[in-house]
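The values are calculated or read from the model by the stated rules, or taken from the named source; none is laboratory data. What you see is a predicted model; the values in this text were computed from it and never measured. Backbone-built Cβ (ideal geometry, glycine too); neighbour counts: all protein chains shown. For the accessible areas, the whole protein counts, side chains as well, though only heavy atoms, and no ligand, DNA or RNA atoms are used. Shrake-Rupley method; radii C 1.70, N 1.55, O 1.52, S 1.80 Å.
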Amino acid sequence: MKCKSIVIELADYLDGALDSSLRASIEQHLEKCSDCRLVVDTTKKTIQIFCNSEPAPLPADIRQRLHDALEKRLGGAGT
Amino acid sequence: MHTPKLNPAHTHPLPSRIVKDDESTLVAAAQAGDVRAFETLVNRYERRIFRLTHNITQNREDAEDAMQEAFLKAFEHLGGFQGTSRFYTWLVRIAVNQALMKLRKRRPGIVSLDEEIETGEATVPRDVEDWGPSPEQRYQQSELADILAHVVGDLDPLFRVVFQLRDIEELSTEETAEVLGLSVPAVKSRLLRARLRLRESLNRYFRRGEPS
């Protein structure tokens, strides 16, 4: 397996969406190729960093307007 | 944990940090007319939905409008929510549609998200540097949030929206395809490009030896 094939299969590899034989071929290549290993590791890290990132608090003015609009609508729902 | 029944091969690789166990109880209560239950859902998801609409529109005013309209629409159509997907996924679909309408209105020249794009062949990245075990810890939380928002904002909308849904909002490949009206291969192709480009952008901040 060549480095280019690793890149092509990268997303499915990281998502665990490959069959076991293809996955084994990739892992065999990764054991020998430090560049591909770094690409896989840093791409995985990229996903994790985004996935784990907490959204910033909602700006106070935006939150106030949202809840005012909801109160108006939910209040109108008769509850 | 409440999880959708999906092909595990196409679900998100990481366990959900978004949906909590009591979501379906809150939704049922809200559907029965409990306004406080709906408000709890709003409080829980408002920050995520605003980040979503802001990442798509890249405009504060449009993001606010899209978020507000999404919650109001969700409330109006709550009775029609069947529970076949997570409530959060349903809410994300509504918010994405609102945000995309804003984006297209402000940028009428933007290509349709389902347009065939020339992605070219995947090339082997040149910048292969070690980031160390926890590169994100070199930055304060607010700095990191700015960095992430900046690099996502630099992505083409075609890639940005797919990445947002798949890797930030944890939708499955199929859900992402359905929300955006794309084929599964198109989602996968865009996701690969987005991940590689973001990796390249973050490399500037996270490679070892870089001052934080």
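Structure notes:
- With a 10 Å cut-off around each Cβ of B:192-201, the average count of Cβ atoms from other chains is 4.
- Heavy-atom accessible area buried between chains B and A is around 4600 Å² (1.4 Å probe, both sides summed).
- In a DSSP loop and with at most 16 other Cβ atoms within 10 Å, the trypsin sites (Lys or Arg not before Pro) in chain A are A:Lys2.
- When shorter helices are ignored and each DSSP H run of at least 4 residues is given -39500 (n - 2.57), the per-residue value for chain A at 222 nm works out to -25000 deg cm²/dmol.
- Take each residue of peptide B:64-76, count the partner chain Cβ atoms within 10 Å of its Cβ, and average: the result is 3.
- Dipole magnitude of the stretch B:32-115 about its Cα centre (Cβ charges: Lys, Arg +1; Asp, Glu -1), debye to nearest 20: 240 debye
- Protein heavy-atom accessible surface, 1.4 Å probe, per residue over the stretch B:131-212: 39 Å².
- Straight-line reach from A:Lys72: taking Cα to Cα under 21 Å and skipping same-chain neighbours fewer than 8 places apart, the lysines in range are B:Lys73.
- With coordinates expressed along the principal axes, the C-alpha atoms belonging to the stretch A:1-46 extend over 22, 21, 15 Å, beginning with the largest.
- Between 0 and 90°, nearest 10: helix A:20-32 axis offset from chain A longest Cα axis: 70 degrees
- Overall form of chain A per C-alpha gyration tensor (a/c, 1.5; a/b vs b/c): prolate
- Sorted on the mean count of surrounding Cβ atoms within 10 Å across their residues, most packed first, peptides B:192-202, B:159-169, B:129-139, B:173-183 read B:159-169, B:192-202, B:173-183, B:129-139.
- The magnitude of the dipole of the stretch B:131-212, with charges of +1 and -1 set on the Cβ of Lys/Arg and Asp/Glu and taken from the Cα centre, is near 460 debye.
- Across peptide A:8-19, the average count of Cβ atoms from other chains found within 10 Å of a residue's Cβ is 6.
- Considering all C-alpha pairs of the stretch B:131-212, those separated by over 20 Å amount to 38%.
- Overall shape: prolate for the stretch B:18-107, with the ratio a/c of the largest to smallest alpha carbon gyration tensor axis at 1.5 or above and a/b above b/c.
- For B:Lys188, a cut-off of 22 angstrom between C-alpha atoms picks up these lysines, skipping any fewer than 8 places away in its own chain: A:Lys2, A:Lys4, A:Lys44, A:Lys45, B:Lys5.
- Just the protein heavy atoms count here, and of the accessible area of the stretch B:18-107 at 1.4 Å, carbon and sulfur take up 45 percent.
- Diffusion coefficient, µm² s⁻¹, Stokes-Einstein with Kirkwood Rh over alpha-carbon pairs of the stretch B:170-212 at 37 °C and 0.692 mPa s: 275 µm²/s
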